[in-house]
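All remarks here apply to the structure that follows.
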Amino acid sequence: MKELSANNEKNSFLKDFFSWVPFGLFFLIDKDFRDAFERLSWSKKQMEELEFLRLKSIISFAFENSPFYQEIYKKAGVEPKGFKTLSDIQKFPILTKKDLRLAINENKIFTQKKFPFLGLKTSTTGSSGNPLTLFLDFPCRKHRFINTIRAFWMMGSFPEKRFVLLWRKKELSFRQRLRSKLGLFYYIPVVDVMDVQKSALTKEKILNILNKLVSFKPQIIRGYVSTLWVLTQLVKKYRIPLFPERIIACAEYLPQSWWQEMEEVFHCPIHNLYGGSEASPVAISLHGKKELTVLQDSYFTEVVNSQNQWNEKEKAGRILITDYVNHYMPLIRYEVGDVAEWSDQESGPFPCFKEVHGRINDIFVLPGGKILFSHNWHIYFRDVGSIFQFKVIQRDFDKIEVYLSPTEGEEKKLEEDLKQLKSKVQESLGKDIKIKWEIVKHLELDAGEKFREVRSQIDPQKIIEKL
């Protein structure tokens, strides 16, 4: 027994040592990595000075090298030399998703003549109802990597912790594969991007996931808010022995009632991480607080009112994001489609969101107890160029309505695409589901001026009963 205990301690030490090696190497050899952690101890004034310099740099670069920004800045009568204080950013035009999509299609936003593309082409999931393609150059990807590592470190997700990821099916990074071999990382796909027809979770699949979680004994669990809510209900209903140290909820709106319920069931801190394909991480909740610390050295984040001016604290407004370092496809004052309000609280050199709204994504429970998460719907529609926006509503367990808004000039193309979509979705959900399809000119906002692209009208209590 003593030998077994000694071997276990030795294996644990080796795991801890090798899990920290990549982190230590980055810290030693990469100045950007060290600087990111050093900024946590900065003053608010130092942070604002950095924000100004980074904004000035990307605005100047975009104006000199991007035909799109040259055009819209000249039309608005603004130039980089007019940017003298942080508040001057309000003079510059806002970039909407529609503007960005058009600029990409016309090849105007890119700066490839000055900055050849050597990065990653990716796509948003379409959480605002209209997905689009993004191009991230190498400096941008490095910047994101450093910011992500730091954000998880701030939330207490250290390299030696056993980590479970409940996410869409994707290729794992080198770091994730290394941690997996060390027994410190376990990945459970809940949505299959390449085979969305089989993504709905049956009771058998859910039971298998639960068995894997209990066996792995995770210390950190990260996943979609809707996935974590389902997990919470199952742990509570069946008294499943799952005792994580922290839970990180991402990608969807986290209602206060769900947040509180997760804390009560798991007896651990619940961290709310706000970000998206365009920018991540933007803000995180820390130290048991509901406010989200906005990482302004990662991206410049604004909250604006209906006049496109900075909003007062504790008043809801639209979120704008500026990426400091993506020179190939600059995103300056980009409207992400979410709503937030500033808090009067601060976290070190960073401001805080009181709350983020607009990322509401419901769960569909189908006949037979199958569960379908909202990201499935985003994947169905994201590669269909004729769809500008979509909205899906579940009226009952076997009744779903789908509303599609066409891209301008592609109304007839959408009618053709709809035939294939109907067959694809019906095959995925099953013949016992009645689906009503309708093409509309535009989609209205929901209550509270929010856009909910996936919505279930079924009482959550009935969903729990089906699990």
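Which residues, taken from segment 20-38, are buried (at least 18 other Cβ atoms within 10 Å of the Cβ) and of a type outside the set (Gly, Ala, Ser)?
Across segment 20-38, the qualifying residue is only Phe33.
Within segment 376-390, the only residue that satisfies the criterion of being touching a Gly at 6+ places or on another chain (Cβ under 8 Å), under 16 Å from Lys422 (Cβ atoms) and outside any helix (DSSP H, G or I) is Phe390.
Here Leu134 meets the list (1) over 24 Å from Val384 (Cα atoms); (2) among the aliphatic types (A, V, I, L, M); (3) crowded, with 17+ Cβ neighbours inside 10 Å; (4) at pLDDT 80 or above almost entirely, failing just condition (1). Mind checking whether some residue in segment 328-343 is within 30 Å of Val230 (Cβ to Cβ), surrounded by fewer than 19 Cβ atoms within 10 Å (Cβ to Cβ) and under 21 Å from the mean Cα position of the chain (by Cα)? Yes, segment 328-343 contains at least one residue that is within 30 Å of Val230 (Cβ to Cβ), surrounded by fewer than 19 Cβ atoms within 10 Å (Cβ to Cβ) and under 21 Å from the mean Cα position of the chain (by Cα).
With respect to the conditions (1) farther than 22 Å from Asp137 by Cα; (2) in contact with a strand residue (DSSP E or B) (Cβ under 6 Å, 6 or more places away or on another chain), Tyr73 lacks only one, and its number is (2). Restricting Asp323, Asp297 to those that are modelled with pLDDT of 95 or more, over 23 Å from Ala103 (Cα atoms), in the same structural domain as Phe110 (by TED's automatic domain parsing) and of a type in the set (Asp, Glu) reduces the list to Asp297.
Condition check ((1) modelled with pLDDT of 85 or more; (2) under 24 Å from Trp229 (Cβ atoms); (3) of a type in the set (A, V, I, L, M)) across all residues:
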{"position": "Ile146", "(1), (2), (3)": "yes, no, yes"}
{"position": "Arg150", "(1), (2), (3)": "yes, no, no"}
{"position": "Arg162", "(1), (2), (3)": "yes, yes, no"}
{"position": "Phe174", "(1), (2), (3)": "no, no, no"}
{"position": "Lys181", "(1), (2), (3)": "yes, no, no"}
{"position": "Ile188", "(1), (2), (3)": "yes, yes, yes"}
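Within segment 219-246, if we keep just the residues that are of a type in the set (Phe, Trp, Tyr) and crowded, with 16+ Cβ neighbours inside 10 Å, the residue that is farthest from the chain's Cα centre (by Cα) turns out to be Trp229.
Of the residues examined, Gln260 is not one that is touching a residue at least 24 places away in the same chain (Cβ under 8 Å) and not hydrophobic (A, V, I, L, M, F, W, C).
In the set (1) farther than 28 Å from Asn107 by Cβ; (2) within 17 Å of the chain's Cα centre (by Cα); (3) not in a strand (DSSP E or B), the condition left unmet by Glu314 is number (2).
For Arg150, the stated conditions hold: it is assigned by TED's automatic domain parsing to the domain that holds His271, buried (at least 16 other Cβ atoms within 10 Å of the Cβ) and out of contact with any Asp or Glu (no Cβ under 8 Å at 6 or more places or on another chain).
Of the helices (runs of 4 or more DSSP H) lying entirely inside segment 22-101, those carrying at least 2 residues that are more than 25 Å from the chain's Cα centre (by Cα), among the polar types (S, T, N, Q) and under 19 Å from Leu295 (Cβ atoms) are 44-65. So is Ile400 crowded, with 21+ Cβ neighbours inside 10 Å, more than 16 Å from the chain's Cα centre (by Cα) and part of a loop (DSSP other than H, G, I, E, B) or not? Taking the combined requirement at face value, the residue does not satisfy it. With respect to Asn211, determine if the residue is more than 30 Å from Arg54 (Cα to Cα) and of a type in the set (S, T, N, Q). Yes.
The values are calculated or read from the model by the stated rules, or taken from the named source; none is laboratory data. None of these values were measured; they are calculated from a predicted model. Note: ideal-geometry Cβ built from the backbone for every residue, glycine included; neighbour counts use all protein chains shown.
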